[in-house]
1. In the range 329-343, what residues are surrounded by fewer than 19 Cβ atoms within 10 Å (Cβ to Cβ) and either over 18 Å from the mean Cα position of the chain (by Cα) or assigned to a strand (DSSP E or B) (or both)?
2. Mind listing just one residue for me: the one in the range 356-374 that is in a strand (DSSP E or B) and more than 15 Å from the chain's Cα centre (by Cα) and, of those, farthest from residue 332 (Cα to Cα)?
3. Of (1) surrounded by 17 or more Cβ atoms within 10 Å (Cβ to Cβ); (2) closer than 20 Å to residue 139 by Cβ, residue 218 satisfies all except one. Which?
4. Being surrounded by fewer than 18 Cβ atoms within 10 Å (Cβ to Cβ), more than 13 Å from the chain's Cα centre (by Cα) and in contact (Cβ under 8 Å) with a residue 40 or more places away in the chain, is that true of even one residue in the range 317-327?
5. Identify all residues within the range 294-310 that are surrounded by fewer than 17 Cβ atoms within 10 Å (Cβ to Cβ) and part of a loop (DSSP other than H, G, I, E, B); write none if there are none.
6. Examine the range 43-65 for a residue that is more than 27 Å from residue 316 (Cβ to Cβ) and either at pLDDT 90 or above or assigned to a helix (DSSP H, G or I) (or both), and state whether such a residue exists.
7. Somewhere in the range 200-210, is a residue surrounded by fewer than 17 Cβ atoms within 10 Å (Cβ to Cβ), over 21 Å from the mean Cα position of the chain (by Cα), touching a residue at least 12 places away in the same chain (Cβ under 8 Å) and more than 24 Å from residue 119 (Cα to Cα)?
8. Give me a count of the residues in the range 75-120 that are out of contact with any strand residue (DSSP E or B) (no Cβ under 8 Å at 6 or more places or on another chain), modelled with pLDDT of 95 or more and at positive phi.
């Protein structure tokens, strides 16, 4: 009887240990599963859909592709088309445009003919809301969140409101417009202007009111200011070929920093972080592999991360805290700390990339588009 009880107790003990072990193993698997959900480790890019160009066999075929508000916008052969993130065409609209410049916000798409100055506002259902023209060649277009659009010519500026009415138009007396921004309250226009004279060149950063009056400005001798960004506080971030600075609309410089390398590309994210592509000045012949750097900088000028990239960076795009960068045959995806979470080799020449959503990246080739999903 005693032996039977001992055997029974031993059996219960073994079963209990096995149950505890299996529960422990399950907890480990569960923790691992939860960790994998909230971690970027082991992510890949997989092709899900492709969109072919209509005139892909025509070498002179001009195609312009952008991604706005979760939609893919394609202009080809005088037709503007919208696709959802799964690559399904939603609508197509014929426009009287030869060479298009596209800009977009959460409500509208602005399609502008760079050659003739024809301007269309469309909503995301493909309805033409406004049709206007400046009858001149257009250099660049910026559509802000409130629906105001800044139209930049070589030495002239137009601002249209959300109803398509001209609220500002003035001529720059000297120099050529390189870049411009319209403030969020639509009251101030910031321009960077390059002036080339016989024996010198310089850049002017100028703040204008809508009626064309100069509110403030600053001159930079022997400098080219390539990009400017107005922040939510109406301060201006200025990028030159080897420096960056922050200035107020009263032309006070808040901070200025030498980049130390050569600026190739730069964007300001919705979270107001600067993402810069820098090219190393030193040892570029010896170390050709890691001569490019992706740098994240806050609005106080503090460098948050520096990530070396093999090859020449041809373009980049950002959504939330994810950065996508491409060279001629490789796509890199980085997190907010600058860690490379994906490195994808491509066997075709890439023309550009655009985030459609945080999970889907649009790859633009010469003859087609591909949608890749992160998983």
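The values are calculated or read from the model by the stated rules, or taken from the named source; none is laboratory data. A quick note: this is a predicted structure, and the numbers were derived from the prediction, not measured. Because the Cβ atoms are built from the backbone with ideal geometry, glycine has one as well, and the counts that use them run over all protein chains shown.
1. Passing the criteria: 329, 330, 339, 340, 341, 343.
2. Filtering the range 356-374 for residues in a strand (DSSP E or B) gives 360-365, 368-374.
Okay, now just the ones that are also more than 15 Å from the chain's Cα centre (by Cα), so 365, 368-374.
Numbers: 365: 16, 368: 20, 369: 18, 370: 16, 371: 15, 372: 13, 373: 14, 374: 12 Å.
Looking at the filtered set, the residue picked out is 368.
3. Among (1) surrounded by 17 or more Cβ atoms within 10 Å (Cβ to Cβ); (2) closer than 20 Å to residue 139 by Cβ, the lone unmet condition for residue 218 is (2).
4. Looking only at the range 317-327, we keep the residues that are surrounded by fewer than 18 Cβ atoms within 10 Å (Cβ to Cβ), and these are 320-321, 327.
Add one more test, that the residue is more than 13 Å from the chain's Cα centre (by Cα), and what stays is 327.
This time we only want the ones that are in contact (Cβ under 8 Å) with a residue 40 or more places away in the chain, so: none.
No, the range 317-327 has no match at all.
5. Once the filter is applied, which keeps residues that are surrounded by fewer than 17 Cβ atoms within 10 Å (Cβ to Cβ) and part of a loop (DSSP other than H, G, I, E, B), the range 294-310 yields 298, 300, 301, 302, 310.
6. No, there is no match, as no residue in the range 43-65 is more than 27 Å from residue 316 (Cβ to Cβ) and either at pLDDT 90 or above or assigned to a helix (DSSP H, G or I) (or both).
7. Filtering the range 200-210 for residues surrounded by fewer than 17 Cβ atoms within 10 Å (Cβ to Cβ) gives 200-201, 209.
Filter again for over 21 Å from the mean Cα position of the chain (by Cα), leaving 200-201, 209.
Checking the rest, the ones that are also touching a residue at least 12 places away in the same chain (Cβ under 8 Å) come to 200-201, 209.
Filter again for more than 24 Å from residue 119 (Cα to Cα), leaving 200-201.
Checking the range 200-210: at least one residue is surrounded by fewer than 17 Cβ atoms within 10 Å (Cβ to Cβ), over 21 Å from the mean Cα position of the chain (by Cα), touching a residue at least 12 places away in the same chain (Cβ under 8 Å) and more than 24 Å from residue 119 (Cα to Cα).
8. 0
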